[in-house]
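Since the structure comes first, as structure tokens, the remarks are kept for the end.
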Amino acid sequence: MPTRAPDRAPRDLNQSATTGGVGDSPTRPDGSLKVKGEFAYSSDLFMDDMIWGATLRSPHPRALIHSIDVAAALKLPGVYAVLTHEDVPGHKFYGLDTRDQPVLAVGQVRHQGEPVALVAADHPETARRALKLIQVDYEVQEPVVDPRRAVFDPQCPLVHDDGNIVRHQPVRVGASPDDPAVRAQCAVVVSGEYEVGIQDQAFLGPESGLAIPAEDGGVDLYVATQWIHWDLLQIAPCLGLPEEKVRMTLSGVGGAFGGREDLSMEIHAAMLALRVGKPVKMVYNREESFFGHVHRHPALMTYTYGATAEGKLVFADVEIVLDGGGYASATPNVVGNAASLGVGPYVVPNIKIDAYGVYTNNPPCGAMRGFGAVQACFAYESMMDKLAAELGLDPVTIRQRNVVAQGDKLATGQVVEAPAPVAEMLDTLKALPMPAPADTSDLRNLPGSTANATHGEGVVRGVGYGIGVKNICFSEDFDDYSTARVRLELLGDTVGALVHTAAAEVGQGLITIEAQIARTELGVEQVSIHPADSSVGTAGSSSASRQSYMTGGAVKTACEAVRAAVFERIAQDHGRAYDDLSLAGGKIVSHAEGVIGTLEEVLAAGPIEQTREYHHHRTQRMDPFTGQGNSHTQLAFAVHRAVVDVDVELGLIKVVALDLVQDVGKIMNRLSLEGQLHGGSAQGLGLAVMEEIQVRDGKVRNPSFTDYLIPTILDMPPMRMEILENADPRAPYGLRGAGEPPTLSSTPAIAAAIRDATGLDLRRVPIRPEDLTEGRTDA
Amino acid sequence: MDFLRPATWAEALTARAERPDAVPIAGGTDVMVELNFDRRRPGALLDLNRIPALRQWTRDPDGTIRLGASVPYARIIDELRTDLPGLAMASRTVGSPQIRNRGGVGGNLGAASPAGDTHPVLVATDAVIEVESAERGVRAIPATEFYLGVKRNAMAADELIKAVLLAPAKGPQQFSKIGTRNAMVIAVCSFAVALDVAARKVGAGIGSAAPTPRRPFEAELFAADALPWDSRADLDPRIATRFGELVAAAAAPIDDVRGTAAYRRHALSVMGRRTLTWAWREHQSSQSCQSSKELT
């Protein structure tokens, strides 16, 4: 047990004020706290005797370290400790899947911002000053910054000794695209080169947390993460501690989007706390945050498609290079997604895909909402439009002629087993009313808005479509199960349920849904959510749009076990068996006999608690040579139509409409769901027109919210949405993960609309004003 | 770091003279960012928020508006949009509502960033910056002479910005700015134009496309000469286009994270063309209104 808890530590979130089961829209228990600024984020944790940790980071993307002199920093009054890799108590390397990342740099650095040394001091300012006194003798080397060179040039310097390719995943279906027999079937062949810049998760709560040394020699960690138990597996060995001596509690998470799958300050704060014997708090500022987490992989993609005169795809020849930067992080799995979904939700008889993830000295990249599928989606949807233009077909028609339906096969050979009415979804989308022409009497309706760049001059409207398909839950034989503990007990004279999981609420609304499930399954109103911590089994990661499915499934299963235990007790009490019982309104109801008891009576004998694991059906690894295999757990589809006004003379953009049709299987909570669909679409809009970490020679040029721009309310239009509920029979309640698919489809839809307005062949996102005005002479 | 809080303007000037290492702070929308990111470690902050005169604007007997250095942008937009339309339009593009409630023109001038949103209007309208020191008293610096380089201005170490003197608009004014987002964005480049109808002059200012804001003199002279002042006829598009070209030619932009030099030049030419067209159209309609009033 934790020795002491900090101020503003997470507490049970009592949802007695709200009601509502599965399908209702209760408000979230942390909602009003957040709106009023009272919610405790991990950066708000506090203890009277805590000290502050800070991180010295490499200014160079690639350098050897000959020596680190900490003497001057240690002499600064107020400094408690200065640590380097020599002070790491256990393993010196960690990593999500590949343990290639040093806790603190050992002899070299592989990206700008890599942690080199740590300071603990009485004040953050003292700690910052001490960092400046640490002398690091760097031998700067030429960074590896060209990911294609990292793949194809045998002379390219190695970022890691075992080669620059982290994963190469081919996909081979049918005959080779170069086969003359294949080419002979094609009426048209089109090619495109596409590029996706580095997008950042840009969560608002920077990396932060508190480490408290415990009397048993262990440490209590209060941190904001996406997966407590996977962190624990990486942290404990580096601290040289058994896992039970590292106790983790999820603190308030200020957004994640994949950026908290990798560790940041956790091992560092724990090292300092264990060394000094005092609680240590670390909080990154915004600039440091840009170096404190991985980003979305930038991608270089080359596509060639062949099709018949009717627009039926004949072959796809695809190369995707994803730049993982200095460390592997999630790169292997991002490559798996990009490869398996490389041609998206389309039936293609002959496929050759080669997806590569590489090491370079660029910023490290890993998980971000959409995870490899986003990059491919921009390319394959751009290709569908290119093919449509070549054949004189409508963009919706070309998609409908090729899109998968239930029973069809993906590029991996995996059969789409659940309903997949994508062609019908496009019809629904196309039938949605189009927005009215811009009302130019209000500048806010025009590109540039109140900056007064146009009064309507140069503004051209364009329309574009995009389809996204995203794998839900972890793929490729990963058993990302979830655990839930549900306790039903008498609280005074009412019955309450307590739901305890280790699942990370990162803003997506999981805790609301957990309570809804408990209410529905147990027929009680009062449900509390225990803070997520490592005293219960793993819940898997809050990523891959999987928590409603997996932890929702675990809560449902644990509730069913609690319910069975209730029925067992009443059967014992009554001395007879029933086979027609249900729980409703705190009563035990027999279908034949009516109410036969109350929960109060049953629970008078003591609480009932059950813990259950929930596993999804087993998946397969992709074949290393052909990419074939039933690799995905579930597939989810979204289709977007973007309407964009472009000031073609200035290259400024106003997205007028971003309408969406998505199949979610089951609407668990419409309010929460719509928030996810809005947010996912907005993040895709950001990638389409503004969000990019700009890098030159391995160095980040815009690590701030002044120059890394995310969409505002004047950039994001109101959305019209049609949400479908075609159940997936294998998923709890038939639901499908919903958070990621709209992030995929919104980017290519917007890009297509801008192409429609400008006639330009835009091959790169984000699309910058100069991309639209280059070569114009209409000044 | 000391925190100095003078209660009067005289005390502020004394503190400024005694502490050359002090950084004046009013709204703090620029200074606090520099401090938070540790880009600046001044020996002291000189807080000007207790001096009410800095947050007031008054009208001199000759009509000149004396705008206190700390009058927030939100009030310029609300209270001065008729007298100073160009400045109000530029103020509307500054940051977020919160920033516009805090920041004022004095901060733009003190920071002297090439991207400051109000600079093009100040140079285009011949604004005068009034600075003062305890030792030498008041000094009036024309806006065109105020900016010396990137984040450098003409102030001495012991001077504070007191007010900006601006003439009420003598004709239509326009301000236009390019940002890669539709709100809360630093200028990629910006442009202001002001017509002086009686004097038949055109003032213009370029922002964020040179080390300092600058006036495109050739463009101004061309437009003053080419505009059909007598006939009040529709503007020949070729005149607007030529004006835009001359504006672009006067800029000296660079490539940076916010945009390329080539794009900035191109955008300035478009903004020059459009804003002159809008200003002229407004001039035409105000003239015709006056005429129709006279007729009735």
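Worth a mention:
- In the range B:132-183, the residues that are away from every other protein chain (no Cβ under 14 Å) and among the hydroxyl-bearing types (Ser, Thr, Tyr): B:133, B:144, B:147
- The range B:128-143, residues that are out of contact with any strand residue (DSSP E or B) (no Cβ under 8 Å at 6 or more places or on another chain) and either closer than 21 Å to residue B:87 by Cβ or surrounded by fewer than 17 Cβ atoms within 10 Å (Cβ to Cβ) (or both): B:135, B:136, B:137
- Of all residues in the range B:226-242, none are more than 8 Å from every other protein chain (Cβ to nearest Cβ), crowded, with 24+ Cβ neighbours inside 10 Å and in a helix (DSSP H, G or I).
- Test: residue in the range A:359-368 that is of a type in the set (A, V, I, L, M, F, W, C), out of contact with any Leu (no Cβ under 7 Å at 6 or more places or on another chain) and farther than 22 Å from residue A:293 by Cα: no
- Among (1) within 14 Å of another protein chain (Cβ to nearest Cβ); (2) surrounded by fewer than 24 Cβ atoms within 10 Å (Cβ to Cβ); (3) among the small types (Gly, Ala, Ser); (4) within 16 Å of the chain's Cα centre (by Cα) - the single one residue B:210 does not satisfy: (1)
- Residue B:82 surrounded by fewer than 16 Cβ atoms within 10 Å (Cβ to Cβ), part of a strand (DSSP E or B) and not small (Gly, Ala, Ser): no
- Which listed residue, of A:81, A:54, is in a strand (DSSP E or B) and either under 24 Å from residue A:250 (Cα atoms) or within 28 Å of the chain's Cα centre (by Cα) (or both): A:54
- Some residue of the range A:659-667 being on the phi > 0 side of the Ramachandran plot, over 23 Å from the mean Cα position of the chain (by Cα) and buried (at least 22 other Cβ atoms within 10 Å of the Cβ): no
- Contact annotation: residue pairs with Cβ atoms under 6 Å, 6 or more positions apart or on different chains, pairing a residue in the range B:1-20 that is aliphatic (A, V, I, L, M) with a partner that is part of a helix (DSSP H, G or I), are B:4/B:15.
- For the criterion of being among the aromatic types (Phe, Trp, Tyr) and out of contact with any Pro (no Cβ under 6 Å at 6 or more places or on another chain), residue A:465 fails.
- Yes/no for residue A:469 being farther than 14 Å from residue A:646 by Cα, surrounded by 17 or more Cβ atoms within 10 Å (Cβ to Cβ), touching a residue at least 12 places away in the same chain (Cβ under 8 Å) and not polar (S, T, N, Q): yes
- Restricting the range B:13-34 to residues that are closer than 16 Å to residue B:109 by Cβ and away from chain A (no Cβ under 14 Å), the residue that is surrounded by the most Cβ atoms within 10 Å (Cβ to Cβ): B:26
- Count of the range A:191-207 residues, restricted to those that are surrounded by fewer than 18 Cβ atoms within 10 Å (Cβ to Cβ) and either over 21 Å from the mean Cα position of the chain (by Cα) or more than 19 Å from residue A:353 (Cα to Cα) (or both), is 3.
- Taken residue by residue, the range A:193-200 has no member that is under 30 Å from residue A:298 (Cβ atoms) and touching a Gly at 6+ places or on another chain (Cβ under 6 Å).
- Considering (1) of a type in the set (A, V, I, L, M, F, W, C); (2) more than 30 Å from residue A:510 (Cα to Cα); (3) touching a residue at least 24 places away in the same chain (Cβ under 8 Å), the lone condition that residue A:96 does not fulfil carries the number (2).
- Checking each residue in the range B:257-276 for being more than 8 Å from chain A (Cβ to nearest Cβ) and out of contact with any strand residue (DSSP E or B) (no Cβ under 7 Å at 6 or more places or on another chain) picks out B:261, B:265.
- Members of the range A:414-456 found to be small (Gly, Ala, Ser), over 30 Å from the mean Cα position of the chain (by Cα) and either more than 10 Å from chain B (Cβ to nearest Cβ) or in a loop (DSSP other than H, G, I, E, B) (or both), listed by number: A:431, A:436, A:438, A:441, A:448, A:453, A:456
- In the set B:131, B:138, only one residue is assigned to a strand (DSSP E or B), more than 27 Å from residue B:210 (Cα to Cα) and either at pLDDT below 95 or hydrophobic (A, V, I, L, M, F, W, C) (or both); that residue is B:138.
Yes/no matrix, rows are residues, columns are (1) part of a strand (DSSP E or B); (2) under 25 Å from the mean Cα position of the chain (by Cα); (3) more than 10 Å from chain B (Cβ to nearest Cβ); (4) modelled with pLDDT under 95:
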| site | (1), (2), (3), (4) |
| --- | --- |
| A:685 | no, yes, yes, no |
| A:706 | no, yes, no, yes |
| A:716 | no, yes, no, no |
| A:730 | no, yes, yes, no |
| A:746 | no, yes, yes, no |
| A:754 | no, no, yes, no |
| A:779 | no, no, no, yes |
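- Residues that are surrounded by fewer than 22 Cβ atoms within 10 Å (Cβ to Cβ) and touching a Ser or Thr at 6+ places or on another chain (Cβ under 7 Å) were ranked within the range B:149-180; the one that is nearest to residue B:129 (Cα to Cα) is B:165.
- Residue match in the range B:24-41 (condition: outside any helix (DSSP H, G or I), at pLDDT below 95, under 25 Å from residue B:183 (Cβ atoms) and of a type in the set (S, T, N, Q)): yes
- If you go through the range A:485-524 and keep only what is part of a strand (DSSP E or B) and within 28 Å of the chain's Cα centre (by Cα), you end up with A:485, A:486, A:498, A:499, A:500, A:503.
- Against the conditions (1) aliphatic (A, V, I, L, M); (2) more than 34 Å from the chain's Cα centre (by Cα); (3) surrounded by fewer than 18 Cβ atoms within 10 Å (Cβ to Cβ), residue A:136 satisfies every one except (3).
Residue by residue, here is whether (1) among the charged types (D, E, K, R); (2) surrounded by 16 or more Cβ atoms within 10 Å (Cβ to Cβ); (3) closer than 22 Å to residue A:174 by Cβ holds:
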{"site": "A:405", "(1), (2), (3)": "no, no, yes"}
{"site": "A:409", "(1), (2), (3)": "yes, no, yes"}
{"site": "A:415", "(1), (2), (3)": "no, no, yes"}
{"site": "A:421", "(1), (2), (3)": "no, yes, no"}
{"site": "A:429", "(1), (2), (3)": "no, yes, no"}
{"site": "A:436", "(1), (2), (3)": "no, no, no"}
{"site": "A:440", "(1), (2), (3)": "no, no, no"}
{"site": "A:443", "(1), (2), (3)": "no, yes, no"}
{"site": "A:459", "(1), (2), (3)": "no, yes, no"}
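- The condition (being more than 14 Å from every other protein chain (Cβ to nearest Cβ), surrounded by 20 or more Cβ atoms within 10 Å (Cβ to Cβ) and touching a residue at least 40 places away in the same chain (Cβ under 8 Å)) is satisfied by just one residue among A:742, A:766: A:742.
The values are calculated or read from the model by the stated rules, or taken from the named source; none is laboratory data. Quantities reported herein were computed from a predicted structural model and do not represent experimental measurements. Note that we place each Cβ from the backbone using ideal geometry, even for glycine, and neighbour counts take in every protein chain shown.
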